[in-house]
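J.: Handing you a structure now.
The values are calculated or read from the model by the stated rules, or taken from the named source; none is laboratory data. Quick caveat: nothing in here was measured; it's all calculated off a predicted structure. Glycine gets a Cβ as well: all are built from the backbone with ideal geometry, and neighbour counts include every protein chain shown. Please note that ligands, DNA and RNA were not included when accessible areas were found on the heavy atoms of the full protein model with its side chains. Shrake-Rupley method; radii C 1.70, N 1.55, O 1.52, S 1.80 Å.
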Amino acid sequence: SMSHDLKTPLTSIKGYVNGIEDGVADTPEKMSHYTAVIQQSAARLERMIDDLFMYSKLDLEEIDFNFTEVALISFIEDIINEYQHELETGQKISFNTDGNRHLVRADRQQLYRAVVNVLDNSIKYSGADLYIKIRLTSLNDKSLISVQDNGSGIGKEDLNYVFDSFYRTDQSRNSSTGGSGLGLSIVKRIIEQHNGEVLIDSKENTGTRVILKLEQVK
């Protein structure tokens with residue numbers, strides 16, 4: 001699976017480089033298009049390799065987690081502020097909290113990766129009317145980060161396998177998504193290293209909700 005998917009952007013890069021060398025991109029507009037496709041394919045390839053490298057290190061337990069106290073409200077607000085500059089017109093991310101302080105012990109860098117992977121999935125499989133609702137609530141001394149989108153959703157037959165390595169639904173094999181099939185596997189492993197839990201609920205053509213459960217600092 002990974003071998004096939006790594007070859008796809010490589011083939012695209014080689015094809016457009018050959019086109020430039022052969023003089024096919026003979027106008028500034030064509031040259032701009034060719035270089036843009038090469039950049040996008042290279043970025044996609046880089047993300048896939050990064051996911052594979054990260055998953056391998058998690059699988060071999062070669063990552064040292066640096067746990068500190070993290071205030072989730074400001075942590076999530078900072079992530080949302082980063083995404084506001086990338087959203088297209090009409091797309092929206094909202095954030096609500098129950099008013100509790102939501103202080104947890106976490107590896108800030110790895111928790112950031114987990115939350116961003118969930119957000120990227122929501123954006124990847126949603127359209128121009130993307131609306132992501134992030135909620136931060138408490139339940140039995142745990143903080144629940146809920147990420148709800150209005151995307152295409154996941155079929156019932158696929159829902160039990162989305163955390164498996166390299167598993168992807170047919171729709172997510174669309175070349176435009178550029179997924180590695182490791183995003184949610186990485187999320188699950190990171191959250192489990194925090195003694196937490198990942199839950200997912202989804203319906204086709206309705207949307208997906210992913211919940212990250214983390215123990216609060218008492």
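J.: Which one of L144, L139 is open to solvent by less than 40 Å² (accessible area, probe 1.4 Å) and under 17 Å from G196 (Cα atoms)?
T.: None of the others qualify; the one that does is L144.
J.: Filter region 124-140 down to residues that are out of contact with any Asp or Glu (no Cβ under 8 Å at 6 or more places or on another chain) and among the hydrophobic types (A, V, I, L, M, F, W, C) and give me whichever is farthest from I73 (Cα to Cα).
T.: L139
J.: Among the residues that make up region 74-84, is at least one of them out of contact with any Leu (no Cβ under 6 Å at 6 or more places or on another chain), at pLDDT 95 or above and within 24 Å of V162 (Cβ to Cβ)?
T.: Yes, because at least one residue in region 74-84 is out of contact with any Leu (no Cβ under 6 Å at 6 or more places or on another chain), at pLDDT 95 or above and within 24 Å of V162 (Cβ to Cβ).
J.: Give the number of residues within region 15-42 that are within 28 Å of the chain's Cα centre (by Cα) and either open to solvent by 80 Å² or more (accessible area, probe 1.4 Å) or under 21 Å from V187 (Cα atoms) (or both).
T.: Number of matching residues: 3.
J.: Now for a separate question. Here are the criteria: (1) closer than 18 Å to S122 by Cβ; (2) of a type in the set (S, T, Y); (3) modelled with pLDDT of 90 or more; (4) open to solvent by 60 Å² or more (accessible area, probe 1.4 Å). Tell me which single one T89 does not satisfy.
T.: Exception for T89: condition (3).
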